[in-house]
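Below is one structure, written out as structure tokens; the observations come after it.
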Amino acid sequence: MHSGGRTEAREVRSGDHELRGKSRAGLKILIPGYVQWTWRQRERAAVLFGSFAMAMGVGVFSWGTRMGLALLAFAFGTHVVSAVDVLRQSAFPGFGRWMPLLSASGGLALGVYTPTVLVASLVAWPAMDGVSGMDGYLVNFWAFRSQSPRDGDWVWLRFSPWDDTHVGRVVARAGQEVEWSRNRLQVDGKKVRPDASLRFDATPDELAFIVPTGHVLMTPVERSHRRAGTGKLVLVPNDQVAGRAWARMYPLWERQTLH
């Protein structure tokens, strides 16, 4: 009897020790499958982390598309499943059937995913453009909060001076001297780009001026430029510059950063 009692006591102490070990997940729960890996549940951990990593990686790459949204939602769901699994195995007192699900989904949504999506929306907002509305760009709305656009910057405008695109490139800033002669553009004496498609509408063949204060001289992005007769340089007020267009995000096979 005495021996059996000691055996039972050891089993109870062993069970208590296991629960205490499993309850110390901490911030490890933020990595799907990591806690399960430390608990030597290797197959479960591999499935959870592999599913999350694949969905998150492809979802981030295709950010701004429906496929990207669906994959990011799947990654969030996988993260919730991993967290719920940890909470249920930890056997916290007072946790009912639905409490792990509610606490995991609510905590991850409010503490991790919502702030991340808000920041991503400010620095990589997906904006559709072009005549067909099928040209997509990632726009950083924080880029010019403390500085003005510089020469060569691709920017997103609040309106479309070319009627077919909101994306343009800065070729000259306020105070710079611009010379237009024989379809050649020079800024402060330096040739910018020899492009015969660039022109000023209803202006002489030769022109020289200084960009006025509070304006930038811009040309449209070629890939969104579709309509004939709109490939022109325009003066745009600084307050119409909404943000920096730093990448082309749609179509997916044409994804690239803008230089």
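See the values below:
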{"read-out": "The listed residue being at pLDDT 85 or above and surrounded by fewer than 16 Cβ atoms within 10 Å (Cβ to Cβ), out of LEU19, LEU48, LEU69", "value": "LEU69"}
{"read-out": "Candidates ALA247, ALA242 - the one that is at pLDDT 85 or above, among the small types (Gly, Ala, Ser) and under 19 Å from ARG173 (Cβ atoms)", "value": "ALA242"}
{"read-out": "Residues satisfying the stated conditions in the stretch 199-228, i.e. in a loop (DSSP other than H, G, I, E, B), at pLDDT below 85 and farther than 26 Å from TYR250 by Cβ", "value": "PHE200, ASP201, ALA202, THR203, PRO204, ASP205"}
{"read-out": "Search result, residues across the stretch 145-170 that are in a strand (DSSP E or B) and touching a His at 6+ places or on another chain (Cβ under 8 Å)", "value": "TRP156, LEU157"}
{"read-out": "Verdict on GLN186 being among the polar types (S, T, N, Q) and either free of Cβ contacts under 8 Å to residues at least 24 places away in the same chain or surrounded by 19 or more Cβ atoms within 10 Å (Cβ to Cβ) (or both)", "value": "yes"}
{"read-out": "Options TRP154, TRP162: the member that is closer than 14 Å to ALA242 by Cα and assigned by TED's automatic domain parsing to the domain that holds ASP188", "value": "TRP154"}
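The values are calculated or read from the model by the stated rules, or taken from the named source; none is laboratory data. Not measured: the values here are computed from a predicted model. Glycine also receives a Cβ, built like all others from the backbone with ideal geometry; neighbour counts cover every protein chain displayed.
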